[in-house]
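Working notes for the structure below.
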Amino acid sequence: MINLLYKEFKLNINYFFVIIIPLSCGALFLIPQWVFLVAFMYFFFISVPNICNTCNAHNDIGFTAIMPVCKSDIVKSKVFSFILIEIIHLLFGVVFGFINLKLYKTENFLLNIDFPLFGFALMMYGIFNLCFFPGYFKSAYFYGKPLIFAIIVSVLFATVVELFAIFVPLIHILFEGKESSQKLFQFVFFIISIIVFILLNIVTVKISNKRFESIDL
Amino acid sequence: MNILKVENLCKSYKDFQLDNVSFTLPEGYIMGFIGSNGAGKTTTLKGILNLIHTENGTVEILGKDFKANEIALKQDVAFMVGENNYYRKKKIGLIAEVVSRFYMNWDQSYYEKLLKRFKLDPEKKIQELSQGMKVKFSLALALSHKAKLILLDEPTSGLDPVARDDLLEIFQELIEDGKKSILFSTHITNDLEKCADYITFISNGRIIESTEKDIFLENYRIISGSAGILDDIKSNVVSYKTHSLGFSALIENEKISKIKPFNGSLNVKNANLDDIMIYFSKKDQGGSND
């Protein structure tokens, strides 16, 4: 599995998508008063189609399948490589979010830069993976339709989250409140988000495995 | 000992069927897997490696069931597809470094020796290699992880005669130790006349014959004669072609005796691999070319 991940990052995924894009997207947190969930979306707007395209151009799946590896490990390595990049996006978001808070010292008009924002970002990535990979592994080649579907669902999720955070008072108080009980709730919510992210990815791997096992290469 | 044993491999597509494909490849030999385009060569090779879901049949490599021991057996198997266009923009040194991590028996010093022998520069990218060099690189990878069974799908297609000859010599050297076997599919039958010990002939998804090359060639004859006697012998030939001078046909050697009465007016000559392929493909298309 480690070897497959190594192969992903050495042969398929350019460092541009591992460092430069996440760094640039993180830097978007320096924009004052913005929809910060969008900063995380550039991963699937830019990086995912490019990575998939490179895999296809490299005949990566065909090459990997003839090596001594399980088909299920091929699926896991693809999903894990995305998870790693998503986490890098999140980490840069945290770093630049921290700088934003120090610079502007004001609240954001949409979701604040705080635990709930990063929790929702994780959930959005989990939803994206769940919508994308099972569709992609129906063929292990065509990524267009699964990508469009996953983008639509992820953007809808983010839109609903941002709107609810402003217009539904209870949610606004819970996710944006400054009292210690609300802060505790927000931290617990972030932990729950991590668990949801993990669960969504476990389901993603299971469904993708089933689909990948059933196709001829 | 058989290094590869394929039994009753079946796979159905909408317009094509792999029909009970069976053959064996002994240790230390080269087997040519021949058939026209679309005959089922690549499908069979993919079926052997479990890359497609076969409906029936078993594959044994080194005496072990392949499906049950896939990961372990893949350590001893190398598979190369003709176009060989993997990671075109990457340097071969990097690809080898990544691939080496997957094989327990990887021998780095042997790999470096092979690169020198094949005159491959590790700094070159795949796209900068000629077709022949790409095949050599694949062989270098296969040999460096000590593959015992090397499956090559159309390795010589697209190569000039010099590169092909060079490659065939390498194939022969590889099996000299008697421990490795090569199964390579091709429709360039000249290659097999130079280096194959065994021939497996597939036509329209069915194995027509799998035997030693000399026996295979001995089993068929080309007959030709005037058009007037064609109707009398039609039922005994594999297929035939008619032309302005009469006809020519492929016949199994054992059926020659059945057309004895006409021997005086027939020319009989040995068939080569091309002849056998051509006449069998005619048979699949409907029997004759009038």
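Read the figures in this text as sums done on the coordinates, not as results from a lab. Keep in mind that this is a model prediction, so the values were computed, not measured. Note that each Cβ is placed from the backbone with ideal geometry, even for glycine, and that neighbours are counted across all protein chains shown.
Could you work out how far apart the two model spin labels at B:Asn190 and A:Glu213 are, taking each label as a point 7 Å from the Cα in the direction of the beta carbon, and quote it in nm? Taking the two extended label points, one gets 4.8 nm. Across region A:2-214, Cα pairs under 8 Å and at least six residues apart give a relative contact order of 27 percent. Between the Cα long axis of helix A:180-214 and the first principal axis of chain A there is an angle of about 20°, rounded to the nearest 10. Per Stokes-Einstein, at 4 °C and 1.567 mPa s, what whole-number D in µm² s⁻¹ belongs to region A:27-132, with the Kirkwood radius over Cα pairs as the hydrodynamic radius? It comes out at roughly 84 µm²/s. The mean count of C-beta atoms from other chains within 10 Å of the C-beta of residues in A:54-61, rounded to a whole number, is 3. Calculated mean residue ellipticity, 222 nm, chain A: -24000 deg cm²/dmol, from DSSP H runs (n ≥ 4) at -39500 (n - 2.57) each, averaged per residue and rounded to 500. The C-alpha atoms of chain A define a longest principal axis, and helix A:115-136 lies at about 20 degrees to it.
Which value in deg cm²/dmol, rounded to the nearest 500, describes the helix-derived mean residue ellipticity at 222 nm for chain B, given -39,500 (n - 2.57) per DSSP H run of n ≥ 4 and division by the residue count?
When only DSSP H runs of four or more count, the value is -9000 deg cm²/dmol.
Under the simplified labelling scheme, the A:Phe149-A:Asn53 pair shows an inter-label distance of 2.2 nm, with each label point 7 Å from Cα along Cα→Cβ. If R0 is taken as 30 Å, the Cβ-Cβ distance between A:Val196 and A:Tyr15 corresponds to a FRET efficiency of 0.55.
The protein assembly as shown: Rg/Rh from Cα coordinates, Kirkwood Rh?
We get a ratio of 1.14 for the protein assembly as shown.
Note: relative contact order over region B:219-289, using C-alpha pairs below 8 Å and six or more positions apart, is 42 percent. Volume of the convex hull of region B:160-272 (Cα atoms only), normalised per residue: 137 Å³.
Farthest towards the positive end of the charge dipole of chain B, among the residues B:Asn8, B:Leu266, B:Tyr87, is the Cα of B:Tyr87, using unit charges on the Cβ of Lys, Arg, Asp and Glu. A Förster radius of 35 Å, combined with the Cβ-Cβ distance separating B:Ser22 from B:Ile256, puts the computed FRET efficiency at roughly 0.80.
Along its three principal directions, the equivalent ellipsoid of region A:100-217 from the Cα gyration tensor extends over semi-axes of 34, 15, 11 Å, largest first.
The three principal axes of the Cα atoms in region B:219-289 give end-to-end lengths of 27, 26, 18 Å, sorted in falling order.
Quick one: pull the percentage of alpha-carbon pairs in chain B with a separation above 31 Å.
Tail of P(r) above 31 Å: 35 percent of Cα pairs.
Over the C-alpha trace of chain A, radius of gyration and Dmax come out as 18.2, 57 angstrom.
With only Cα atoms counted, region B:60-189 has Rg and Dmax values of 14.3, 41 Å.
If you place +1 on the Cβ of every Lys and Arg and -1 on the Cβ of every Asp and Glu, how big does the dipole about the Cα centre of chain B come out, in debye to the nearest 20?
Charge dipole, chain B, about its Cα centre: 700 debye, nearest 20.
Legend: mean number of C-beta atoms from other chains within 10 angstrom of residue C-beta atoms, peptide A:67-73, equals 5. Note on A:6-12: average number of Cβ atoms from other chains within 10 Å of each residue's Cβ is 4. For chain B, the longest principal axis of the alpha carbon atoms and the long axis of helix B:161-174 meet at an angle near 70°.
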